[in-house]
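What follows is a short report on a single structure.
The values are calculated or read from the model by the stated rules, or taken from the named source; none is laboratory data. What you see is a predicted model, and the numbers here were worked out from it, not measured in a lab. Neighbour counts run over all protein chains shown; Cβ positions are idealised from the backbone, glycine included. What goes into the accessible areas is simple: the full protein's heavy atoms, side chains included, and nothing from ligands, DNA or RNA. Shrake-Rupley method; radii C 1.70, N 1.55, O 1.52, S 1.80 Å.
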Amino acid sequence: MSQTFVPDPISAEVDLGLSVRKTRSGSTWARIRRRFWRHRPAVAGIVVVSILLVLAIFAPISALGIDPSEPNFGEINNAPSAKHVLGTDGIGRDMWARLVYGARISLSVGFVVVGITIVIAIVIGGISGYFGGTVDTILQRFTEAVMLFPSFILIITVTAFLEPSIYNVMIVLGIFGWPGMSRVVRSMFLSLRETDYVLAARAVGVRWPGIVFRHILPGTLAPIIVSGTLGLVGAIMTEATLSFLGLGVQEPTPSWGSMLTHAMQLPVLREMWWRWIPPAVLIFVTVLAVNFIGDGLRDAADPMAIER
Amino acid sequence: MTGYIFRRLIYIIPLLLLMTAITFTMIELAPGEFVDALIPPDTAFGIRLSPEERERLRARYGFDKPAYVRYFIWVKELVVFQNLGTDLVTGAPVLNELTQRWPMSLKLQGTALVIYVAVGVMLGMASAFRQYSALDHVLTAFGLIWISTPLFVFAIFLLYLFALALPIFPVGHEKPIGVENPTILQSIHHMVLPVAVLSLTGIAATQRLMRATILEVLNSDYVRTSRAKGLRERVVRFRHVLRNASLPLVTGVVLGLPELIGGSFIVEYVFSWPGVGSYSLNAALHYNYPVLLGGLILNGGLVLMASLLADIAIGWVDPRIRIAAGRQG
């Protein structure tokens, strides 16, 4: 049935993990959780992301009550001081406030994109893996095509024409982000539909919606989450890139990427470190933290590692 | 095998058509239009297009025809006359503009590709053959740091470090200002930073992929067998492990190509490199869609051809796939 000519290292890795059957379903999640908390970088990642989430959610408070979009032409390009912890930008806006509100943008774009991605990936990967045959072949070819296409060109084309905005960025990134995850879902469906408990469910007369939603889908959850962290990383990085290029979130809304656009002016880059190092570091730290979480989850969800 | 190659070749064409059609549709759905970008509605001097003038302009650029008609015209021109339309801003044929700039982009992308595959493979090998050693930990940590840095952040940091703080390399462009025919050394001098940026993320990705694959192969039965029958470790590694690990590498490199092309767009933008990327980005900001579609066809075709070549190479090397493909057609 499976006609994977091309070995795909990434999905193969996840594939290995989940085709092993669990004897007690309740214990699987407990074991994943236990193993995850032992992974120190992953715990550090969770801490960092939680801090960012708190800062972002309570932005009005954590920005010390400063409006991030209010220009103040009396205080242009001020270095960090007691009044402006991280200085001010080219039209006198407070950098700390902009960073905090920028976290809102980055994280919300990230999570919404992953949400869209998961829905598309489950639909396409699920149909492909559950029904197999011609449907599978067509959908796989389509997935490969989307995967191979230089989607960055499509993304800049579409965001440029759709009037750059945060919502358009979310939709476009979601539309082009699903192929990797859908392959994971497909391979999970392929292996899970052959399991004994699915056979048993079918034997007692459960129809396909019941089998898909009650018996197969829950089993695909762990690899979906792992692959979702990768999607989160990709979405945060691409949003920053698009905003950097002026095709994403628009002024005066603060975004880490668009803050870095100004670093392209050589005087800013040379003399005003507070205008570009903080957003650059924040992007890096956020992405690194999510990557750590992803690595931890992957190790925790990998039953091969348990044998060691 | 020939049948297989032929079918794959045929299948590239509908894919390119599908992708351009999707792009065309999205452009059509978007509220903005090139004509409006010519004179923004809120220009400072109060210049405004009257509705009649606007219609005249639209007719001149061909926007008065329905979208599907324009798409068919575009496809017909491409297939029959090898014409990609004209740049809406300069009026020059897009094909000329693109072929003029493409070598500059390929120079960056090609150099970066060679560097990151070579370095990435070596680092991945070093990491995997000494799993859990200090070297492995350091390399793994660096790999994670490298893939966690968006390309443009890298570019900005390198620009700051090596062009401003330590002015060793130029801040941009392909040759010194005012020089018509740069020497090879001058060209290389200008290429160092962009290529470095473009390579770093690729090195990390290749290294991580290579490490994972080698570790998987090392656990396989045939490696255990070859060790058990007393082969020297060097023979095991180079003949059995690396050969098998090279197949996923080829696939991984091909899957990384779209990212390489996207990355070169950003690098060209940051370093003012006169390639297809900076040209297309500029076009995106001006609703200049013939240029964008041209860039899409060019790069899409390149990646799809590369993936076809990779599949053929894999099929040729790997007997399991050769047989499966042979059975198919």
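Okay, here's what the table says:
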{"quantity": "Subset of region B:179-227 (residues that are in a helix (DSSP H, G or I) and small (Gly, Ala, Ser))", "calculated": "B:SER187, B:ALA196, B:SER199, B:GLY202, B:ALA204, B:ALA205, B:ALA212, B:SER226"}
{"quantity": "Unique residue being closer than 21 Å to B:GLY315 by Cβ, more than 9 Å from every other protein chain (Cβ to nearest Cβ), of a type outside the set (Asp, Glu) and open to solvent by less than 20 Å² (accessible area, probe 1.4 Å) when the list is B:VAL217, B:VAL223", "calculated": "B:VAL217"}
{"quantity": "B:LEU159 being within 13 Å of chain A (Cβ to nearest Cβ) and assigned to a helix (DSSP H, G or I)", "calculated": "yes"}
{"quantity": "The one condition in (1) in contact (Cβ under 8 Å) with a residue 60 or more places away in the chain; (2) buried (at least 21 other Cβ atoms within 10 Å of the Cβ); (3) among the hydrophobic types (A, V, I, L, M, F, W, C) that B:PHE142 fails to fulfil", "calculated": "(2)"}
{"quantity": "Residue count for region A:72-89, restricted to those that are farther than 18 Å from A:TRP276 by Cα and surrounded by 14 or more Cβ atoms within 10 Å (Cβ to Cβ)", "calculated": "1"}
{"quantity": "Selection status of B:PRO258, in a helix (DSSP H, G or I), open to solvent by less than 20 Å² (accessible area, probe 1.4 Å) and either farther than 30 Å from B:GLU28 by Cα or more than 10 Å from every other protein chain (Cβ to nearest Cβ) (or both)", "calculated": "no"}
{"quantity": "Test: residue in region A:148-157 that is surrounded by fewer than 22 Cβ atoms within 10 Å (Cβ to Cβ), out of contact with any Pro (no Cβ under 8 Å at 6 or more places or on another chain) and not aliphatic (A, V, I, L, M)", "calculated": "no"}
{"quantity": "Residue in region B:275-284 that is within 7 Å of chain A (Cβ to nearest Cβ), outside any helix (DSSP H, G or I) and modelled with pLDDT under 85 present", "calculated": "no"}
{"quantity": "Candidates A:LEU269, A:LEU242 - the one that is part of a helix (DSSP H, G or I), open to solvent by less than 10 Å² (accessible area, probe 1.4 Å) and without any contact (Cβ under 8 Å) to a residue 40 or more places away in the chain", "calculated": "A:LEU269"}
{"quantity": "Residue among B:SER133, B:SER148, B:SER187, B:SER127 that is touching a residue at least 40 places away in the same chain (Cβ under 8 Å) and either within 20 Å of the chain's Cα centre (by Cα) or open to solvent by less than 70 Å² (accessible area, probe 1.4 Å) (or both)", "calculated": "B:SER127"}
{"quantity": "Evaluation of A:THR253 against (1) polar (S, T, N, Q); (2) open to solvent by 50 Å² or more (accessible area, probe 1.4 Å); (3) within 14 Å of chain B (Cβ to nearest Cβ) (one fails), failing number", "calculated": "(3)"}
{"quantity": "Cross-chain or 6+ apart pairs with Cβ under 7 Å, region A:137-165 first and at the interface with another protein chain (Cβ under 7 Å from one of its Cβ atoms) and of a type outside the set (Val, Ile, Thr), then part of a loop (DSSP other than H, G, I, E, B) and surrounded by 24 or more Cβ atoms within 10 Å (Cβ to Cβ)", "calculated": "A:ALA160/A:LEU247"}
{"quantity": "Candidate set: region B:88-101, residues that are modelled with pLDDT of 80 or more and crowded, with 18+ Cβ neighbours inside 10 Å; chosen: the one nearest to B:VAL195 (Cα to Cα)", "calculated": "B:ARG101"}
{"quantity": "Members of region B:70-115 found to be part of a loop (DSSP other than H, G, I, E, B) and of a type in the set (S, T, N, Q), listed by number", "calculated": "B:GLN82, B:ASN83, B:THR90"}
{"quantity": "Subset of region B:276-288 (residues that are buried (at least 24 other Cβ atoms within 10 Å of the Cβ) and over 16 Å from A:LEU242 (Cβ atoms))", "calculated": "B:VAL276, B:TYR279"}
{"quantity": "Residue within region A:76-97 that is among the hydroxyl-bearing types (Ser, Thr, Tyr) and farther than 30 Å from B:ALA284 by Cβ present", "calculated": "yes"}
{"quantity": "Selection within region B:282-324 - closer than 30 Å to A:PRO164 by Cβ and hydroxyl-bearing (Ser, Thr, Tyr)", "calculated": "B:TYR287, B:TYR289"}
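Quick grid of which residues meet (1) of a type in the set (Ser, Thr, Tyr); (2) crowded, with 19+ Cβ neighbours inside 10 Å:
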residue: A:ASP94; (1), (2): no, yes
residue: A:TYR101; (1), (2): yes, yes
residue: A:VAL112; (1), (2): no, no
residue: A:THR117; (1), (2): yes, yes
residue: A:GLY125; (1), (2): no, yes
residue: A:SER128; (1), (2): yes, yes
residue: A:PHE131; (1), (2): no, no
residue: A:THR134; (1), (2): yes, no
residue: A:PHE142; (1), (2): no, no
